[in-house]
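A short write-up of the structure that comes next.
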C-alpha cells in the first residue's frame, strides 16, 4: 500500500530534541509499535526516515525522541511537517477493525441503495467516531457505530448505513 499520512509534528518538547506528535486519527495505539517515521522536509524532496528511539504519551499526543534529532533547534525544524508511515509497519487488524485511512474515499449508501456521498474525513469523539461524508455542498456526520453502519466493504469501496430519522436531513 505504501506510505500513509499518519500525523503531524506539532512542536518541540524540551531541550533534548524531542517532538510532540499528533496522530490524525486521534488514536495512539499504533505509535507504540512503530519503529520509524518518514518526513518530507521539502515538497517533492527526498524522504527523511527517522528511527524512533523513545516514546511517551500525554493528553492525546505522543512525545517522540528521534534518531539524529538531538537539540531543540533540530526539533523545531520538524514542526508542522506531516508524518508518514509504511502501511506494512502498522499492526494487522481483526476482520471487524479498520484504519481511518482505509475509510477515506469510500462511497456511502443507505441500505435501500440511496447514494449519500464520499467519506472525506473522520472525527474522533470520546464516545464514538463520526464519518464526515460529503456530496457536493452537503455534509453529513454519520456515527461510526452499529446499528447505523451496517457494512464496510473495502473491496467494493463502499459503506452501507441504515440512517435513523433526521440523520440525513
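The values are calculated or read from the model by the stated rules, or taken from the named source; none is laboratory data. Everything numeric here is computed off the predicted structure, so don't read it as measured data. Here Cβ is always computed from backbone atoms with ideal geometry, including for glycine, and neighbour counts include all displayed protein chains.
Just a few scattered comments:
- Against the test of being in contact with a strand residue (DSSP E or B) (Cβ under 6 Å, 6 or more places away or on another chain) and farther than 18 Å from residue 4 by Cα, the options 76, 58 yield a single qualifying residue, 76.
- Here the condition is being at pLDDT 95 or above, under 20 Å from the mean Cα position of the chain (by Cα), under 26 Å from residue 2 (Cα atoms) and surrounded by 13 or more Cβ atoms within 10 Å (Cβ to Cβ); of 85, 133, it holds for 133 alone.
Residue-wise test of (1) free of Cβ contacts under 8 Å to residues at least 60 places away in the same chain; (2) touching a helix residue (DSSP H, G or I) at 6+ places or on another chain (Cβ under 6 Å); (3) assigned to a strand (DSSP E or B).
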residue: 10; (1), (2), (3): no, no, yes
residue: 15; (1), (2), (3): yes, yes, no
residue: 25; (1), (2), (3): no, yes, no
residue: 32; (1), (2), (3): yes, no, no
residue: 44; (1), (2), (3): yes, no, no
residue: 50; (1), (2), (3): yes, no, yes
residue: 57; (1), (2), (3): yes, no, yes
residue: 69; (1), (2), (3): yes, yes, no
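Residue-wise test of (1) modelled with pLDDT under 95; (2) farther than 23 Å from residue 10 by Cβ; (3) in the same structural domain as residue 15 (by TED's automatic domain parsing).
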site	(1), (2), (3)
53	no, no, yes
61	yes, no, yes
67	no, no, yes
94	yes, yes, no
110	no, yes, no
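- Given (1) over 18 Å from residue 22 (Cα atoms); (2) out of contact with any helix residue (DSSP H, G or I) (no Cβ under 6 Å at 6 or more places or on another chain); (3) touching a residue at least 60 places away in the same chain (Cβ under 8 Å), index of the condition residue 101 fails: (1)
- In the set (1) under 23 Å from residue 104 (Cβ atoms); (2) buried (at least 16 other Cβ atoms within 10 Å of the Cβ), the condition left unmet by residue 33 is number (2).
- Test: residue in the stretch 113-120 that is touching a helix residue (DSSP H, G or I) at 6+ places or on another chain (Cβ under 9 Å), surrounded by 12 or more Cβ atoms within 10 Å (Cβ to Cβ) and either without any contact (Cβ under 8 Å) to a residue 60 or more places away in the chain or under 22 Å from residue 61 (Cβ atoms) (or both): yes
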